Structure formats: structure tokens, C-alpha cells
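Below you'll find the structure, written out as C-alpha cells, and then a few comments.
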Ligand code: 7TS
């Protein structure tokens, strides 16, 4: 794979920001979109915009084929057994909330345990906090090792036969750590719990096979994998989804409506109340075609190489703290750091003046920030369109930042 050729397919990357060529290092927040995805969404609105699953007219049939065709692309992308297991949502947050509100509220009782880790994004903490508060269940945290990784020993110690749900990020959006979710799923199952995976930072970067991982639910967002915002996926095992109640009621999700009671459509539509995110799903389908034309294995390899290079180059900067494991084989293309005596927002501001986009803040992971003993950090995150040259510019920018602030003091 040739990232310099790939980046030509992303029109947004071909611009100057503050008089400098844009270096986009914030793909963990949202990825950029290739021309093919932009064109596919345009073609839908220009050529066959129509509601799905109802009309018999030609445009309606084309829209339905596009929407359901995208579901099949998602199924294949994560190797789910059936399209009945693919529910379109508005993103990872909505998918995790759906599991907590539907599976959680219908199965969890007082005294049950819900287990998550200390590195989770708020979207994989708060739905479980709320579920625990509503049901009287106990929320437990798997502690982290000193380098920010998770040890299976700690997983075994935290999960017990009282545990009913285990939920964990596939990849941390702060530390870039790739978690051993397959092994954690096995431990969860040995204890009779279901395994939920927050795949927001996993599915875009790592070749996925939900049957191999044997997780019960897997949640991810289209906008972090070259697709549009407003579309996401909840994968769930059919036997679980079948037993779960819908949480959004109205059009599209019903089979028969009587005056005082109604019945639901079969899977997956019983969870998709209202006009669905048609353009979003079709755009996500195009994003999957794009990623598959390059190959997830290639993308993963490229990001490891970039992470390795970035770790090496960045550690040469005096006074830098890089969080998470030093070994790049344990991490994806996310590097979180702080420069001594410079607030991360100042780092991001100086870099922005150089055309370099990174994120600064708590990254929606305040409990992890507390564990890191940092109120905020800076974060550079990479994707398939980034090059070693981008990292060189980041390092140059960081050296400039240090110089700038050493002159101030
Ligand atoms: N889980 C993880 C691990 C994430 O990184 C994010 C978004 C979410 C859940 C929520 O995804 P959403 O699409 O529903 O918003 N993470 C980030 C980030 O790191 N910077 O901005 C958004």
C-alpha cells in the first residue's frame, strides 16, 4: 500500500491551513472521507433519494437495495453469520446505549455485576453506570498494569460468577492499547457473562471477525472508518437480539399495531424505529468497499509502522512523556503525550499554526486521565493516509513548541 497515493483520494487533505499544508493527525476523533464515499452519498441524493422498505416505486426499491446492500457489506466486513445480526444505529455511543437499555434492563438484577476496564471512553462507562444505578447492580473496574495494558490475571480476578456483562474497548482511544478481547470474552463466558466490545477504535483499523472473537456484541461508528457521521453499527448474536426488547417505538419497527398493543418486525428491523439513516448506511457501504480495496491487514501493518516510527522519533524530544506501552506491537496508531511545562492545549494551538491537527483534552476518558495523573494530554492519531513525513512535521512542530515556551519563561 502506498499512503502518498491513498491520500490523493482524500480531497480535504489537499489544502493549506494557516498557510501550511494540512497534516491531519486526529483520525481517532474522526477520519477523513475519500472521494468515492463523498460521490456515493451525492449519487444517492441526486439519483435515488427515497424512503426505504415501503414504496413499490423504482426509487424506493433502489434506496432499499442500497440500504440493505450496505448491511450485507457490514456483515461481510466483520464476518457476522447473518444480516439479522447487523443493526444500524447512529454510532458507537448509540450502540452501547442500546445494549445497556435493552439487554441490560431486561436481564440485570440487584446483586449482579457489570465489569469494565479503567481505560474506557465515557460512552463505555456511563451507560453501565446508569444501568447499575437503575437496577442495583455493581459496577466493577479491571485495573490497569503500570504501562496501561490489561493483564488477563486481573481480568480473571475481577470477573466472577456474579458478573453478567463485561464491556471493553477493542483499542483504547487514549493509550492506543490493543486489548486481548478474545481471551477476555472466553473468561466472561466461563463465568456466564456476555462480552460487549466497544469497537470504535477497533473496526476501522484491525481486521475483524466477530465469530472468531466470539463476542456477544460489537459496537462501532462509520465516521471513524472513512464513512459519514451519523451512522454506526451494533453487531449482536442472533439468539440474544431475538430475546431483547426494542427501545425505540414507532414506524418501521412494527409488524402489527392494534389500539392497545403491537407486535414487532423481525430482526434487525425491530431495533430500527423510524426512517433509518439511509444515506449514512449507503455511505458506510462505500467506505467498507474503499477499506477492503486496500485491505485491513495492510492498513493495520501501515499503522504499526507509523506508531513504531512515531514512538522512536517522539521519544528523542527532551521532556516528553509518552503514555501507554513503549512496545508498538501492543498498540494501534494513537500516541498520547505531554510536553514538560506546556499545557496540551498550548501544544495543540502552536501545532495548529503550523497546519498540524492534533487533539488535546481529556479525550472523553476522565477516569483514565485520573489514573494517568494528568488533567489533559495531547494526542496524535494516524490512519491509512498518514506518512512518515507527517510524523517528521509533528516532531519539528513539537520542538518548535518547546522552544517557543522556553523563551516565554
Ligand atoms: N468508544 C471509543 C473507544 C471512542 O474512541 C469513541 C469516540 C467512542 C466510543 C464514541 O464514538 P461515537 O462515534 O459514538 O462518538 N472517540 C473520540 C475520540 O477519541 N475523540 O473524539 C471522539
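The values are calculated or read from the model by the stated rules, or taken from the named source; none is laboratory data. Here the structure is a predicted model, which means the values were calculated and not measured. Glycine also receives a Cβ, built like all others from the backbone with ideal geometry; neighbour counts cover every protein chain displayed.
Key figures for this structure:
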item: Number of the condition not met by residue 150 [criteria: (1) touching a residue at least 60 places away in the same chain (Cβ under 8 Å); (2) buried (at least 20 other Cβ atoms within 10 Å of the Cβ); (3) assigned to a loop (DSSP other than H, G, I, E, B)]; result: (1)
item: Members of region 122-136 that are away from the ligand (no atom under 16 Å from the Cβ) and either surrounded by fewer than 22 Cβ atoms within 10 Å (Cβ to Cβ) or within 18 Å of residue 220 (Cα to Cα) (or both); result: 132, 133, 134, 135, 136
item: Test: residue in region 134-145 that is under 30 Å from residue 274 (Cα atoms) and outside any loop (DSSP other than H, G, I, E, B); result: yes
item: Single residue of 248, 292, 252 found to be in contact with a helix residue (DSSP H, G or I) (Cβ under 9 Å, 6 or more places away or on another chain), more than 16 Å from the ligand (Cβ to nearest atom) and at pLDDT below 95; result: 252
item: Region 163-180: number of residues that are within 15 Å of the ligand (Cβ to nearest atom) and closer than 26 Å to residue 135 by Cα; result: 3
item: Residue in region 179-189 that is within 26 Å of residue 361 (Cβ to Cβ) and under 12 Å from the mean Cα position of the chain (by Cα) present; result: no
item: Selection within region 13-58 - more than 16 Å from the ligand (Cβ to nearest atom) and more than 22 Å from residue 281 (Cβ to Cβ); result: 13, 14, 15, 16, 17, 18, 19, 20, 21, 22, 23
item: All strands (runs of 3 or more DSSP E) inside region 171-288 with 3 or more residues being free of Cβ contacts under 8 Å to residues at least 24 places away in the same chain; result: 254-257, 262-264
item: Single unsatisfied condition, residue 100 versus (1) within 16 Å of the ligand (Cβ to nearest atom); (2) more than 16 Å from the chain's Cα centre (by Cα); (3) surrounded by fewer than 24 Cβ atoms within 10 Å (Cβ to Cβ); result: (3)
item: The lone exception for residue 60 - which of (1) buried (at least 16 other Cβ atoms within 10 Å of the Cβ); (2) touching a helix residue (DSSP H, G or I) at 6+ places or on another chain (Cβ under 8 Å) it fails; result: (2)
item: Flag for residue 90 being within 16 Å of the ligand (Cβ to nearest atom) and farther than 30 Å from residue 139 by Cα; result: no
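Every residue, every condition in (1) in contact (Cβ under 8 Å) with a residue 24 or more places away in the chain; (2) closer than 24 Å to residue 7 by Cβ; (3) within 16 Å of the ligand (Cβ to nearest atom), yes or no:
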position: 314; (1), (2), (3): yes, yes, no
position: 338; (1), (2), (3): yes, no, no
position: 355; (1), (2), (3): yes, yes, no
position: 372; (1), (2), (3): yes, no, yes
position: 381; (1), (2), (3): yes, yes, yes
position: 391; (1), (2), (3): yes, yes, no
position: 401; (1), (2), (3): yes, no, no
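Every residue, every condition in (1) out of contact with any helix residue (DSSP H, G or I) (no Cβ under 7 Å at 6 or more places or on another chain); (2) crowded, with 22+ Cβ neighbours inside 10 Å; (3) within 19 Å of residue 210 (Cα to Cα), yes or no:
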position: 72; (1), (2), (3): no, no, yes
position: 82; (1), (2), (3): no, no, yes
position: 107; (1), (2), (3): yes, no, no
position: 114; (1), (2), (3): no, yes, no
position: 117; (1), (2), (3): yes, yes, no
position: 120; (1), (2), (3): yes, yes, no
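Each row is one residue, and each column tells you yes or no for (1) within 16 Å of the ligand (Cβ to nearest atom); (2) farther than 25 Å from residue 178 by Cβ; (3) within 16 Å of the chain's Cα centre (by Cα).
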site	(1), (2), (3)
206	yes, no, yes
216	no, no, no
286	no, yes, no
298	no, no, no
